[in-house]
Amino acid sequence: MKLYYSPGACSLAPHIALREAGISFAFEKVDLKEKKTEYGANFREINPKGYVPALEVKPGQVMTEVAVVMQYLADEAADKKLAPAAGSAERYEFLTWLNFVATEIHKGFSPLFKPTVPDEVKETFKGFLGLRLDYVNSELGKRDFLLASGYSLADAYLFVTTGWAAKTGVDLNKWPAIVAFRERVAQRPAVQAALSAEGLNG
């Protein structure tokens with residue numbers, strides 16, 4: 001497999017997942033402004049959407065969208081129990097969290113990165129995002145991870161997206177359960193390895 005990534009972007013979530021799964025993979029950095037990979041390939045020919053992640057699972061087959069890639073990797077390494085068993089009630093809870101992180105947290109942060117969005121509009125978006133973080137904080141106040149059964153790849157995705165707070169002027173200290181959660185996840189060897197590989201842990 002080959003992961004196309006940009007350091008610290010949402011592609012960090014499948015990067016962590018690949019390492020959690022113990023799957024052998026290559027990774028290639030993408031310049032998202034130029035739409036070129038570090039080896040000079042036209043990234044739009046790899047993923048016409050023009051954004052990361054893109055996971056080449058085999059020649060000619062490229063998978064995109066974090067929530068889908070995370071499910072795929074969990075199933076590829078079912079013995080690692082990175083997601084509940086397919087068809088179980090817990091699996092649907094896992095999918096609920098994956099999609100919540102994708103649509104409410106990930107996309108909640110997106111406008112805050114755009115220089116063309118006026119500051120007063122960003123404050124409105126921060127208000128909406130804060131309501132979602134209130135909910136996550138409440139749930140993480142009851143248990144260590146998003147699922148009662150323990151760590152899953154949904155936690156990796158939440159870890160990555162909440163990691164954007166400092167860059168976007170969102171003070172996570174308002175949500176102490178999320179801060180504690182991030183500290184727990186950050187200690188995982190796969191997370192440390194992915195951060196190091198992307199040059200993000202120093």
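Laid out as a table, the results:
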quantity: Unique match (being within 28 Å of Phe145 (Cα to Cα), of a type in the set (Val, Ile, Thr) and without any contact (Cβ under 8 Å) to a residue 24 or more places away in the chain) among Val68, Val52, Val62, Val101; calculated: Val68
quantity: Residue that is of a type in the set (Val, Ile, Thr) and under 19 Å from the mean Cα position of the chain (by Cα), where the choices are Val68, Val117, Val121; calculated: Val68
quantity: Residue tally, condition in contact with a Pro (Cβ under 8 Å, 6 or more places away or on another chain) and either among the charged types (D, E, K, R) or exposed (fewer than 15 other Cβ atoms within 10 Å of the Cβ) (or both), over segment 66-93; calculated: 3
quantity: Test: residue in segment 14-32 that is in contact (Cβ under 8 Å) with a residue 12 or more places away in the chain, touching a Phe, Trp or Tyr at 6+ places or on another chain (Cβ under 6 Å) and on the phi > 0 side of the Ramachandran plot; calculated: no
quantity: Selection count where residues are among the charged types (D, E, K, R), open to solvent by less than 70 Å² (accessible area, probe 1.4 Å) and either in a helix (DSSP H, G or I) or without any contact (Cβ under 8 Å) to a residue 40 or more places away in the chain (or both), scope segment 157-199; calculated: 1
quantity: Among the candidates Asp144, Asp134, residue that is closer than 16 Å to Phe109 by Cα and among the acidic types (Asp, Glu); calculated: Asp134
quantity: Residue tally, condition outside any helix (DSSP H, G or I) and crowded, with 16+ Cβ neighbours inside 10 Å, over segment 118-145; calculated: 1
quantity: Residue that is under 25 Å from Phe159 (Cβ atoms), acidic (Asp, Glu), in contact with a Lys or Arg (Cβ under 6 Å, 6 or more places away or on another chain) and open to solvent by 10 Å² or more (accessible area, probe 1.4 Å), where the choices are Glu56, Glu20; calculated: Glu56
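The values are calculated or read from the model by the stated rules, or taken from the named source; none is laboratory data. Remember, predicted model here, so these are calculated numbers, not experimental data. Cβ: placed from backbone, ideal geometry, glycine included. Neighbour counts: every protein chain shown. The protein model used for the area step is the full one, side chains on, heavy atoms only, and it has no ligands, DNA or RNA in it. Shrake-Rupley method; radii C 1.70, N 1.55, O 1.52, S 1.80 Å.
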